[in-house]
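The structure under discussion is supplied below as structure tokens; questions concerning it will follow.
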Amino acid sequence: MQRTLSNNKYINMKNSIKEELTEYINDNKDDHNPSIDCDLHHHLFNEDYYIIGYYQAQQWLDKHHITTFEALETIREYEDMHFGECKHYTNAEETVNMLVYIYGEELLSEMELI
């Protein structure tokens, strides 16, 4: 059984993020070969970076009106629930990519693709 933070912050992701990631999922889900890799979430959000570059990552946070502290709190809650501990995120690129990983998992579940 997959655990999610349905009653916590990240289920209430901003519409701008939901729209952006839904488009990304729809554009890339057909590239996934389930006979080779059965985990669509891993394929879409863990095989490569969603955002590359510190500046671009900070711009992404700003575009979606997310403060660094909000992003880190969402990540901390997710990692505490799933791993019992939280990694240290030292730059915007790592932070945004983990945040997108979390939001991507939630969206795929909502779309009933995982």
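As an exercise: evaluate E47 against (1) within 16 Å of the chain's Cα centre (by Cα); (2) part of a helix (DSSP H, G or I) and give the number of the one condition it does not meet.
(2) is the only condition that E47 fails.
What residue, of E112, E79, E85, E94, is over 16 Å from G53 (Cα atoms) and in a helix (DSSP H, G or I)? Give the steps one after another, and end with the answer.
Numbers: E112 fails: in a helix (DSSP H, G or I); E85 fails: in a helix (DSSP H, G or I); E94 fails: over 16 Å from G53 (Cα atoms).
Going through E112, E79, E85, E94 in turn, just one is over 16 Å from G53 (Cα atoms) and in a helix (DSSP H, G or I): E79.
If you take the residues of the stretch 95-114 that are charged (D, E, K, R) and in contact (Cβ under 8 Å) with a residue 12 or more places away in the chain, which of them is farthest from H41 (Cα to Cα)?
Start the filter on the stretch 95-114 by keeping residues that are charged (D, E, K, R), which leaves 105-106, 110, 112.
Applying the additional criterion that residues be in contact (Cβ under 8 Å) with a residue 12 or more places away in the chain yields 105-106.
Values: E105: 6, E106: 10 Å.
Restricting to residues being charged (D, E, K, R) and in contact (Cβ under 8 Å) with a residue 12 or more places away in the chain, the top hit is E106.
Something else: So, in the stretch 58-75, of the ones that are within 13 Å of the chain's Cα centre (by Cα), under 22 Å from E23 (Cβ atoms) and not polar (S, T, N, Q), which residue ends up surrounded by the fewest Cβ atoms within 10 Å (Cβ to Cβ)?
Among residues in the stretch 58-75 that are within 13 Å of the chain's Cα centre (by Cα), under 22 Å from E23 (Cβ atoms) and not polar (S, T, N, Q), the one surrounded by the fewest Cβ atoms within 10 Å (Cβ to Cβ) is L61.
Hey, I66 hits all of (1) of a type in the set (A, V, I, L, M, F, W, C); (2) in a helix (DSSP H, G or I); (3) out of contact with any Leu (no Cβ under 6 Å at 6 or more places or on another chain) but one; which does it fall short on?
With respect to (1) of a type in the set (A, V, I, L, M, F, W, C); (2) in a helix (DSSP H, G or I); (3) out of contact with any Leu (no Cβ under 6 Å at 6 or more places or on another chain), I66 is out only on (2).
Hey, another quick one. Going through the stretch 76-96 one residue at a time, which ones are surrounded by fewer than 21 Cβ atoms within 10 Å (Cβ to Cβ) and closer than 22 Å to E20 by Cβ?
Passing the criteria: E77, Y89, N91, E93, E94.
Given the criteria more than 13 Å from the chain's Cα centre (by Cα), at pLDDT below 90, assigned to a loop (DSSP other than H, G, I, E, B) and more than 17 Å from E105 (Cβ to Cβ), does I36 qualify?
So I36 fits the description; yes.
The values are calculated or read from the model by the stated rules, or taken from the named source; none is laboratory data. Small disclaimer: the values here were computed from a predicted structure and weren't measured. Please note: Cβ atoms are built from the backbone with ideal geometry, for glycine as well, and neighbour counts cover all protein chains shown.
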